[in-house]
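The values are calculated or read from the model by the stated rules, or taken from the named source; none is laboratory data. These numbers were taken from a predicted model, which means no experiment stands behind them. When we count neighbours, we look across all protein chains shown, and the Cβ atoms used for this are built from the backbone with ideal geometry, even at glycine. We work out accessible area using only protein heavy atoms, side chains counted, and drop any ligands, DNA or RNA first. Shrake-Rupley method; radii C 1.70, N 1.55, O 1.52, S 1.80 Å.
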Amino acid sequence: MVLTILCLGQGLLFSMAEVLKTPLDLVRLWLHEAERVYGDKMVDEKDQEILRRVTMASTKKFFDDLGEELIFAKPNIFCHFAQGIGDPKYIPVTDVAHLNKLLVDVLDSYNEVNAIMNLVLFEDAMAHVCRINRILESPRGNALLVGVGGSGKQSLSRLAAYISGLDVFQITLKKGYGISDLKVTADCSIAAFCSRMGE
C-alpha cells in the first residue's frame with residue numbers, strides 16, 4: 001500500500017511547475033495518476049467503477065469549488081511526449097487529434113528504420129501508448145501487459161519504447177526453454193548492450 005502511494009507521488013513529481021499553474025491542473029494530474037497507479041491494476045470492471053466513484057466523491061468533497069465540468073473534462077491524459085519526442089515533459093494531452101497526428105508521425109518514423117508496423121491508432125490505442133511510455137520513463141518501471149493475442153500489446157510497446165529512445169529485446173521461446181536458457185539469454189543481451197555502449 002505504501003509503495004503504491006509512493007508511485008502516485010512519483011507520478012505527480014514527473015510534472016513541473018510550468019505545467020501546474022493552477023489548483024485545477026494539480027487536481028487533474030492527481031486524478032490521472034490515481035487512475036494509472038490504482039485503476040490500471042484492476043481487471044474487474046466492478047472494481048474500476050468503485051475506484052471511479054471513490055475518486056469522484058473525494059474530488060467533489062475537497063475540490064468542489066474548481067468546477068466538476070473542468071475537473072472531469074476528457075481527455076485526462078498526461079504523457080512525456082505531448083509536445084513531441086526528444087524533449088520529455090510530463091504534460092497533459094489537450095487535444096486527441098494532435099496526439100493522433102503526433103503518434104502517426106512517430107509511427108512513420110519508426111517504420112522508416114524498423115520492420116513496418118501497420119497500426120490503427122484509435123483513442124484506446126493512443127491512451128495505451130501513453131500508459132506504456134509513462135511506465136518506461138519511470139525509474140524501475142515495469143508492467144505486465146495482459147490481453148488476447150493480436151490485440152497490439154507488442155506493437156504498442158515497441159512504439160512506446162521508440163518514443164523513449166529505448167531498444168526492444170524479445171526472448172524467443174522454444175520447447176524445453178528453462179531457467180538456464182533464460183540466464184544465457186540475459187548474459188547475451190547484457191553483453192550486446194555493453195558492446196553498443198562501448199564498454
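Among the numbered conditions (1) open to solvent by 30 Å² or more (accessible area, probe 1.4 Å); (2) at pLDDT 90 or above; (3) closer than 17 Å to D40 by Cα; (4) not in a helix (DSSP H, G or I), the only one that I135 does not meet is (4).
Would the range 154-164 turn up any residue that is touching an Asp or Glu at 6+ places or on another chain (Cβ under 8 Å) and hydroxyl-bearing (S, T, Y)? Within the range 154-164 (the criterion being touching an Asp or Glu at 6+ places or on another chain (Cβ under 8 Å) and hydroxyl-bearing (S, T, Y)), the answer is yes, since at least one residue qualifies. Take L145 and tell me if it is open to solvent by 40 Å² or more (accessible area, probe 1.4 Å) and in contact with a Lys or Arg (Cβ under 7 Å, 6 or more places away or on another chain). It is true that L145 is open to solvent by 40 Å² or more (accessible area, probe 1.4 Å) and in contact with a Lys or Arg (Cβ under 7 Å, 6 or more places away or on another chain).
If you check M56, M42 for being modelled with pLDDT of 90 or more and not aromatic (F, W, Y), only one passes: M56. Please work out which residue is farthest from P92 (Cα to Cα), limiting yourself to the range 33-47 and to residues that are free of Cβ contacts under 8 Å to residues at least 60 places away in the same chain and either assigned to a loop (DSSP other than H, G, I, E, B) or open to solvent by less than 60 Å² (accessible area, probe 1.4 Å) (or both). Looking at the filtered set, the residue picked out is D44.
Residues in the range 64-111 that are touching a helix residue (DSSP H, G or I) at 6+ places or on another chain (Cβ under 7 Å), open to solvent by 60 Å² or more (accessible area, probe 1.4 Å) and not acidic (D, E): 3 in all. A single member of D108, D124 is without any contact (Cβ under 8 Å) to a residue 24 or more places away in the chain, under 13 Å from the mean Cα position of the chain (by Cα) and in a helix (DSSP H, G or I), and it is D124.
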